[in-house]
Amino acid sequence: MMFLLSKLKDVDFWERQLRERLAEPIHLNLISLFVYFFGSFRAKVAFDLVERRRYAFALLKAADYAKAQGIGKIYALEFGVAAGAGLVNLAWLARHVTKDTGVEIGIVGFDTGTGMPRPVDYRDYPEEFIEGDFPLPDREALQRNLPPGVRVIYGPVGETARGFVESLDAPVGFVSLDLAYYSSTVDAMQALLGPAEKYLPMTLVYLGAVLIDNANPAVGELLAVREFNELHRFRQVHPFNCLRDKRIFKNAMWHNHIYTLHVLDHPKRAGVEKLKRDVWVLEQPYTAAES
Ligand SMILES: C[S@@+](CC[C@H](N)C(=O)[O-])C[C@H]1O[C@@H](n2cnc3c(N)ncnc32)[C@H](O)[C@@H]1O
């Protein structure tokens, strides 16, 4: 109730509704009302009715990919936890995604625990952030609000990300890179360079700061991604293909956050495993017309 009241007082919330929902066709908004009250979790994700739509879409998509490949467990990693709102939400979403897909989801967060480090240079948006932004006031309180098994690894990601995925008992399906800085994102992207089988062949990636007005390919996450792609031919981070066209509501800004890590050296993508299926045969319209 308190949450609903604070939302109703939030100017950004109303602005977003105006821009993203009321600018959409009226019939879709009417169907949304029905889905809101009676729809399944999956339907609510499709209609953008779930808190933190960006994580909901990415986690459900990753679980769907895993299920299609017979994989029973995946990991979701959040780099940049701050006070933990994203991680708590991720844990809540994971419960629903598991219920829907049967895919178990392990969740791990990474943060200094003391807020943003000092920006290294112009590539870290020193005009925007200062050292100590987004601190975590109470680690124990955060841990109490997380389900058992969800953990946060504290320390600079330059020390905690490298080699981490090797320790996991299942592939990573979703990575949130919500560190804003170029330098921190470069460090966290070390976690995308583990053995290919430690990822889904297409692993969902969220980039947190790509929507700020100062973002451009010479700074921040976009620069980190560009350099990563240049250096690693078999690991490519690319905006999720045609996401806007694939969604019911087209105006949502969160689409711009969603990327895919294409693991091109994964056995499933490198041509190592032969596909077990019949050949695809397309319809022959001329034979149908003749008969
Ligand atoms: C924008 S906040 C994350 C917000 C959070 N994901 C959420 O949804 O509520 C960015 C976080 O990244 C962390 N961070 C930035 N650079 C880091 C680094 N090099 N190592 C560890 N954490 C870092 C900061 O401590 C800060 O808490």
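Below, the figures for the structure above:
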quantity	calculated
The lone exception for residue 19 - which of (1) away from the ligand (no atom under 16 Å from the Cβ); (2) under 30 Å from residue 182 (Cβ atoms); (3) in contact (Cβ under 8 Å) with a residue 60 or more places away in the chain; (4) surrounded by 15 or more Cβ atoms within 10 Å (Cβ to Cβ) it fails	(4)
Subset of region 200-238 that is in contact with a Pro (Cβ under 7 Å, 6 or more places away or on another chain) and closer than 26 Å to residue 129 by Cβ - its residue that is farthest from the ligand (Cβ to nearest atom)	226
The listed residue being of a type outside the set (Asp, Glu) and touching a Leu at 6+ places or on another chain (Cβ under 6 Å), out of 152, 205	205
Top-ranked residue in region 186-199 [being without any contact (Cβ under 8 Å) to a residue 60 or more places away in the chain, over 22 Å from residue 129 (Cα atoms) and touching a strand residue (DSSP E or B) at 6+ places or on another chain (Cβ under 9 Å); ranked as nearest to the ligand (Cβ to nearest atom)]	193
Every pair of residues 6+ apart whose Cβ atoms lie under 7 Å, when the first sits in region 204-228 and is more than 12 Å from residue 189 (Cα to Cα) and surrounded by fewer than 17 Cβ atoms within 10 Å (Cβ to Cβ) while the second is among the charged types (D, E, K, R) and modelled with pLDDT of 95 or more	212/128; 214/127; 214/128; 217/226
Qualifying positions in region 243-291 - of a type in the set (Asp, Glu) and assigned to a loop (DSSP other than H, G, I, E, B)	265, 273, 278, 283
Residue within region 165-185 that is away from the ligand (no atom under 12 Å from the Cβ), assigned to a helix (DSSP H, G or I), within 20 Å of the chain's Cα centre (by Cα) and at pLDDT 95 or above present	yes
Region 86-145, residues that are hydroxyl-bearing (Ser, Thr, Tyr), within 23 Å of the chain's Cα centre (by Cα) and within 26 Å of residue 220 (Cα to Cα)	112, 125
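The values are calculated or read from the model by the stated rules, or taken from the named source; none is laboratory data. It should be emphasised that the depicted structure is a prediction, and the values quoted were computed from it without experimental measurement. Positions of Cβ are backbone-derived with ideal geometry, glycine not excepted, and every protein chain shown enters the neighbour counts.
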